[in-house]
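Okay, structure first, notes after.
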Amino acid sequence: MISFVICLLVLIAGYFLYGKLVENIFHPDDRETPAVRIDDGVDYVVMPQWKLFLVQLLNIAGLGPIFGAMQGALWGPVVFLWITFGTIFAGGVHDYFSGMLSERNEGYSISEVSGIYMGRVMKNIMRVVSVILLVMVGTVFAVGPAGLITTLLGEHGASGFVVNTRAWSFIILAYYFVATFVSIDKIIGKIYPIFGICLIIMAVGVIFGIYTNPAYTIPEIWNNFTNMHPSSTPIWAFMFITVACGAISGFHSTQSPLMARCMKSEKQGRFVFYGAMTAEGVIALIWAAAGCAIYEKTGGLSTGLQQALSMGQSAAIYDVCAKTMGGVGIALAMIGVIVCPITSGDTAFRSARLTIADWFGIDQNDWKKRLYLCVPLLCIGGLISLLDYSVVWRYFSWTNQTLAMIVLWTASMYLYMEKKNYWLTAVPATFMSAVSMTYFFSAPECLGLSSAIAYPVGLVIAAAFLAFFLFVIYKRDPKPDYSTLQKNRKK
């Protein structure tokens, strides 16, 4: 358990030390924020800082740091290192800059922000990737809770499970329509902070249940520094893709603009964006520890956890809550793993609406125009919910990390143009490029090439991305061309 505690303390210290460094490099000031300047009563609404933090946490968390961390625990306690250092040096940096760059640019969606600093081609790529990712996220965060509801109701028959899960999925999607359509302060701003607190309480309950039960022991990293995956799935780059939201997630960059449109001061950014990512890292670390501690090992492999996950991710989460907290855990599972993912799913569809609205310049003050965007988005989500959940999750994970890669390169270009230390984001951008490209070449659902080919190709492409970035900034005037940036904002 010592290594878990060390990782937890390092993660928390990272917020105060590295998070402060990130803030100092960006240098927030006292300029008027979009929430104050625009204040349209729909998407631009000033909220207090504590509420911004809890809503941001709930928006970015959902199933990600729970399901992803549990799956990541299949590789053993080595996953603790990725969650800890990934959150500090990549995830927190990514979330802070995606939120603050949106705040500096009228609260624009991340696709529009990327276009401002990376050009029109990247803007269009990001528009398409963002919308696809958001619809997949919204759907995943509908099907997952639907499955747990079915599990709690005791419907384990094959045909009954499918029918009931789909029915619950469509009920949840119907709720998404309402939450996506109305003002952000009507539902999201009022009740989501409560559910954010529940998500934190659930994680605390799980780790408390592990520490108070002598039958559970969190394995030490130094005694299990091996690949414990029963299927011998390589750590690189599969673990880094699987544990998406618990370390770094491109999905967060689509959610951060929602809160960037509600901030009263730029100086709230570190607590809201970097802080929420740190909290999510803590939650992921706890759930990864649960996966490592509760289930049996066979021959040094995580066979017990694999068997639990084979019954369905929702069933596995239910099992962890029941074993660590008993009846209270079951109640928290209903709140934390049903309600919380739903609250991330609806903001995913909301972000998709805003991304399309920014894309085509559609005024969202008119409720009819919001309706025109909400209906087709939810219909597409309904169709995707009929697909195999595990397949959707795998594609979501890769798209998610690829988006994070692009956002980090965008932040690097911004820092260069502002004559600031662009290595702060260029290093994690290069690392995530290697992760994303290696996975693309090696994963069965992508190209499925052997590691002998995929590994060097992924590393070479990542190095090429870095070289291209350095070449571009070498050729580019380091002084920001604000007239060009202004034109990019309007394109």
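The values are calculated or read from the model by the stated rules, or taken from the named source; none is laboratory data. Computed from a predicted structure; not experimentally measured. Cβ coordinates were reconstructed from backbone atoms using ideal geometry, including for glycine residues, and neighbour counts include every protein chain displayed. Ligands, DNA and RNA are stripped out before the accessible areas are found, and what is left, the full protein with its side chains, is counted by its heavy atoms. Shrake-Rupley method; radii C 1.70, N 1.55, O 1.52, S 1.80 Å.
Brief remarks follow.
- Here VAL435, VAL427 are screened, and the one residue that is open to solvent by 40 Å² or more (accessible area, probe 1.4 Å) and either in a loop (DSSP other than H, G, I, E, B) or in contact with a helix residue (DSSP H, G or I) (Cβ under 9 Å, 6 or more places away or on another chain) (or both) is VAL427.
- Selection from the stretch 201-225 of residues that are open to solvent by less than 80 Å² (accessible area, probe 1.4 Å), in a loop (DSSP other than H, G, I, E, B) and either of a type in the set (Phe, Trp, Tyr) or in contact with a Leu (Cβ under 8 Å, 6 or more places away or on another chain) (or both): TYR216, ILE221
- Selection count, the stretch 231-257, where residues are of a type in the set (A, V, I, L, M, F, W, C), under 30 Å from SER102 (Cβ atoms) and open to solvent by 10 Å² or more (accessible area, probe 1.4 Å): 1
- Some residue of the stretch 333-352 being over 18 Å from the mean Cα position of the chain (by Cα), surrounded by fewer than 19 Cβ atoms within 10 Å (Cβ to Cβ) and not basic (Lys, Arg): yes
- Residues of the stretch 20-46 that are among the polar types (S, T, N, Q) and assigned to a loop (DSSP other than H, G, I, E, B): THR33 alone.
- Of all the listed residues (MET263, MET228), the sole one being open to solvent by less than 10 Å² (accessible area, probe 1.4 Å), in contact with a strand residue (DSSP E or B) (Cβ under 8 Å, 6 or more places away or on another chain) and hydrophobic (A, V, I, L, M, F, W, C) is MET228.
- When the stretch 352-386 is filtered for residues that are hydroxyl-bearing (Ser, Thr, Tyr) and without any contact (Cβ under 8 Å) to a residue 40 or more places away in the chain, only TYR372 remains.
- Among the conditions (1) in contact with a Phe, Trp or Tyr (Cβ under 7 Å, 6 or more places away or on another chain); (2) small (Gly, Ala, Ser); (3) surrounded by fewer than 24 Cβ atoms within 10 Å (Cβ to Cβ), GLY119 misses just one, which is (1).
- Candidate set: the stretch 414-423, residues that are open to solvent by 10 Å² or more (accessible area, probe 1.4 Å) and in contact (Cβ under 8 Å) with a residue 40 or more places away in the chain; chosen: the one nearest to ARG476 (Cα to Cα): TYR416
- Index of the failed condition, ALA315 passing every other in (1) closer than 30 Å to GLY76 by Cβ; (2) in contact (Cβ under 8 Å) with a residue 12 or more places away in the chain; (3) out of contact with any helix residue (DSSP H, G or I) (no Cβ under 8 Å at 6 or more places or on another chain): (3)
- Residues of the stretch 198-226 classified as aliphatic (A, V, I, L, M) and under 21 Å from CYS340 (Cα atoms), total: 8
- Residues in the stretch 308-317 that are at pLDDT below 85, part of a helix (DSSP H, G or I) and surrounded by fewer than 22 Cβ atoms within 10 Å (Cβ to Cβ): ALA315 only.
- Out of GLY291, GLY281, GLY345, GLY329, sole residue that is touching a Cys at 6+ places or on another chain (Cβ under 6 Å), in a helix (DSSP H, G or I) and touching a residue at least 24 places away in the same chain (Cβ under 8 Å): GLY329
- Of the helices (runs of 4 or more DSSP H) contained entirely in the stretch 47-90, those carrying at least 3 residues that are open to solvent by 10 Å² or more (accessible area, probe 1.4 Å) fall at 49-60, 79-86.
- Taking the stretch 282-307 as the range and being in contact with a Gly (Cβ under 9 Å, 6 or more places away or on another chain) and crowded, with 22+ Cβ neighbours inside 10 Å as the test, the residues that pass are ILE283, ALA284, LEU285, TRP287, ALA288, ALA290, GLY291, CYS292, ILE294, TYR295, SER302, LEU305.
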